[in-house]
1. Kindly check whether there is at least one residue in region 123-135 that is touching a His at 6+ places or on another chain (Cβ under 6 Å) and either farther than 24 Å from residue 37 by Cβ or of a type outside the set (D, E, K, R) (or both).
2. Out of region 1-41, which residues are over 22 Å from residue 78 (Cα atoms) and hydrophobic (A, V, I, L, M, F, W, C)?
3. Which of the helices (runs of 4 or more DSSP H) found entirely inside region 32-134 contain at least 2 residues meeting this: in contact with a Cys (Cβ under 7 Å, 6 or more places away or on another chain) and of a type outside the set (Ser, Thr, Tyr)?
4. Restricting attention to region 9-31, and to residues there that are open to solvent by less than 40 Å² (accessible area, probe 1.4 Å) and part of a helix (DSSP H, G or I), which single residue is nearest to residue 125 (Cα to Cα)?
5. If we scan region 55-78, do we find a residue that is farther than 26 Å from residue 27 by Cβ, at pLDDT 95 or above, over 17 Å from the mean Cα position of the chain (by Cα) and of a type outside the set (D, E, K, R)?
6. In this structure, is residue 4 open to solvent by 80 Å² or more (accessible area, probe 1.4 Å) and either touching a residue at least 24 places away in the same chain (Cβ under 8 Å) or under 21 Å from residue 136 (Cα atoms) (or both)?
7. Which pairs turn up if I take residues in region 135-156 that are more than 9 Å from residue 91 (Cα to Cα) and look for partners that are open to solvent by less than 20 Å² (accessible area, probe 1.4 Å) and polar (S, T, N, Q) with beta carbon separation below 8 Å, at least 6 apart in sequence or on another chain?
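The values are calculated or read from the model by the stated rules, or taken from the named source; none is laboratory data. If you're wondering where the values come from, they're calculated on a predicted model, not measured in any experiment. Backbone-built Cβ (ideal geometry, glycine too); neighbour counts: all protein chains shown. Each accessible area value is taken on the protein alone, full model and side chains, heavy atoms only, with ligands, DNA and RNA left out. Shrake-Rupley method; radii C 1.70, N 1.55, O 1.52, S 1.80 Å.
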Amino acid sequence: MTTFVIPLLSILMMKLTKNIVSFHMENKDERVFPFSMISLFYMITTYLFYIKFQVDPALILALAVITISVILLTSITFFWKISAHMTGTAGLMAIIIAIALKNPAIDYLYLVLGSTILTGSIGSARLYLNAHTPAEVLIGFGLGFTVCFSAFYWML
């Protein structure tokens, strides 16, 4: 709820109240408020899962690195527009690769290939649609991959 439904409803309300011009949020200035709200929702979710629920530490780590990625993405958005899509998919790919490297006895080949194809397809689509420049896609990829891979490789 707090990482998908509530942010989605918040963005819908921002559109209806004309705080954002379109759902595409093509302008970097238009992205700051929605991304800040999403950062807040992720922080609350991570906090609640950490404090209130007894869940697997890997889930807490995943929530924490996603929260850090979203906060960094929001911070960068004050100065430059980068691809949030690439940050998210590269983060997923990095988590899968880190887990695969830490557990060589289990075959993660199809997950690694699938996440790589997904990430490449989304990056290509962002470029094809002229939603981002190659640099914005590359920096988005670098942010998501670096934060998530580092955390999962060194902390899990």
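1. no
2. Selection gives 1, 4, 5, 6, 9, 16.
3. Details: elements: 57-77, 84-102, 109-128.
Output list reads 84-102.
4. Taking region 9-31 first, the residues open to solvent by less than 40 Å² (accessible area, probe 1.4 Å) are 10-11, 14, 20, 22, 25, 30-31.
Imposing the further condition that a residue be part of a helix (DSSP H, G or I) reduces the set to 10-11, 14, 30-31.
Values: 10: 25, 11: 22, 14: 26, 30: 21, 31: 20 Å.
Only one residue fits best here, namely 31.
5. Checked region 55-78: no residue is farther than 26 Å from residue 27 by Cβ, at pLDDT 95 or above, over 17 Å from the mean Cα position of the chain (by Cα) and of a type outside the set (D, E, K, R).
6. On the way: open to solvent by 80 Å² or more (accessible area, probe 1.4 Å): yes; either touching a residue at least 24 places away in the same chain (Cβ under 8 Å) or under 21 Å from residue 136 (Cα atoms) (or both): no.
The answer is no for residue 4.
7. 136/83; 137/83; 139/83; 140/83; 140/87
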